[in-house]
Ligand code: KG4
Ligand code: ZN
C-alpha cells in the first residue's frame, strides 16, 4: 500500500510518500518521497510558534512540498508542475479558510493528476488548530479529487511508531516488538507516559501537571536569551560544559562521567535546581517549579556570564534527565513493560538519550530501549505515514465531510 502523509500540526510543513507492507507485528516501509519545510526562522523573532503565521505558511508551502515529495517518488507529472504561481497563490489563500473546501479549490487542484497512491494520511491532532486545519483541508481536497481513502492520524501515535521503527537497509521496519510497550512522549506540548499493552491501545500512566518538558526547555532558553527553539540551544551549552569537565577529569583515576556532575566540587557547581516530584509516589511530572527556580536564580544575577549560562543549562538538563528517568523507571516497574520508547522533539536531546541508554543498561537490562533515529525525532511526515498505515490496516478510515482538527486530541485512555 502506498500512502501519502501530510503533517502540519505545528511549525513544519511535511509530506512523505511511503510504500508499506506487512502486518502490525512485522511491517516494512520504503520511503519513496519525503519533503519538509521548517518555519523555525519565521517564528524565531516571536520566541515561539505564532499560530496565525503558521497557518499562512502551511498554506503557502503545501503545494511546493507536495511537488517535492512527488518528484522524489517519481510521481510528479509534467501537468502538475505547470500549475502557475498565480494559481498556487490562490490555492494558498483558499487553504487558509476553515473549513475551506470551495469549488474553486477543487478546480485548481484538479490540475494535479492523481499519483499512484492508495491512501492519504493527515494529522488531525493534537496541535495548533489553525495549522492542523490547513493540512486537513488540503488532504480532504486531494482525497475527494483523487478518490482515495483518507486516514486521520494522531500526531503522538506517529511519535510512538517512529520510535519503534528501525532502519534496515534502505527501509524502516517495525518488528520484534515485545509487549507491553511503555512510551515516554516528550515534546513542546506533551509530557506523558503511555502504555501500549496491545497494538494501538493506549493507557495513560503519567503526565505533566503543568508545563510540557519542551515548553520548559523553550522558556528557560528564553530567560537565558537564547533563540527559539530553546531545546537544541540549551543542549549545546550543556554539552560544551560536559566536554570541558570530561577533559579535565580524564587525568583523574575515576575518569569523567558525562551523565552527572558528581565529581565536581561545589565551587565548580554554582547552581542547584530542584528535581520536582522526584520522591513522590506517582508517575506524574511537574516542570513549572523548575522553570520558576531558574527565574529566581536569574533575578539575583542581572548580568549572567556565558560561563554561568552553561552551568545553568547543564544543571537544568541534569534535573530534567533525573526526573524523566526516575518517573520512567517507576512506570516500568509498575507496568512490567518489556519495551521502552522515547518519542517527541525533546527525545532529540543528547543528554536525555545518554541518560536513558545508560540507565536502562544498568537498572532495567531486560527492557528493550528504542529511541528514534535523529531525523525521525522531531516532527515529520514519515511518522504520520507509519501511523496512517497501521490505521489503514484496521480500516480505520476518516469520513472527509466530518473530519475536523482536534487541538487537544489525546492518545491514551485514562484508566
Ligand atoms: O515534537 P516536536 O518537534 O513538536 C511538538 O509536537 O511539540 O517538539 C518540539 C520541542 C520544542 O520544545 C524543542 O525545544 C524541543 O522539542 N527540542 C529539544 C531538542 N530538539 C528539539 N529539546 C531538548 N533538546 C533538543 N535537542
Ligand atoms: Zn511532535
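Points worth noting:
- Each 5 Å bin from zero holds the following percent of Cα-Cα pairs in the stretch 178-241: 4, 18, 19, 16, 14, 12, 9, 6, 2.
- Normalised per residue, the volume of the convex hull around the Cα set of the chain (Å³): 147 Å³
- Taken along the Cα-to-beta-carbon direction at a fixed 7 Å, the label points for residue 361 and residue 244 span 2.7 nm.
- Shown is the FRET efficiency for residue 179 and residue 296, computed with R0 = 41 Å from the Cβ-Cβ distance and rounded to the nearest 0.05: 0.40.
- Considering all different alpha carbon pairs of the stretch 259-415, the Kirkwood hydrodynamic radius works out to 18.8 Å.
- Across the alpha-carbon atoms of the stretch 326-415, the computed radius of gyration and Dmax are 16.4, 52 angstrom.
- With a Förster radius of 25 Å applied to the beta-carbon distance between residue 147 and residue 24, the computed FRET efficiency rounds to 0.40.
- Computed from Cα atoms, the angle from the helix 155-164 axis to the main principal axis of the chain rounds to 70 degrees.
- Per-residue [θ]222 nm for the chain (sum of -39500 (n - 2.57) over DSSP H runs n ≥ 4, rounded to 500): -13500 deg cm²/dmol
- The angle separating the long axis of helix 85-95 from the principal Cα axis of greatest extent in the chain is about 70 degrees.
- Base-10 log of normalised Debye intensity for the stretch 1-59 (one unit scatterer per alpha-carbon) at q = 0.16, 0.19 Å⁻¹: -0.60, -0.71
- Centroid-to-centroid, using Cα positions, the stretch 349-415 and the stretch 185-251 are 16 Å apart.
- The C-alpha atoms of the chain define a longest principal axis, and helix 129-146 lies at about 30 degrees to it.
- The orientation-averaged projection of the convex hull spanning the C-alpha atoms of the stretch 280-349 amounts to 5.9 square nanometres.
- A simple spin-label model places pseudo-atoms 7 Å from Cα toward Cβ; at residue 354 and residue 336 they are separated by 3.6 nm.
- Computed on the stretch 123-209, the Cα convex hull volume stands at 131 Å³ per residue.
The numbers here are math on the coordinates, done by the rules we state, and not lab data. None of these values were measured; they are calculated from a predicted model. All Cβ positions, even for glycine, are placed from backbone atoms using ideal geometry, and neighbour counts span all protein chains on display.
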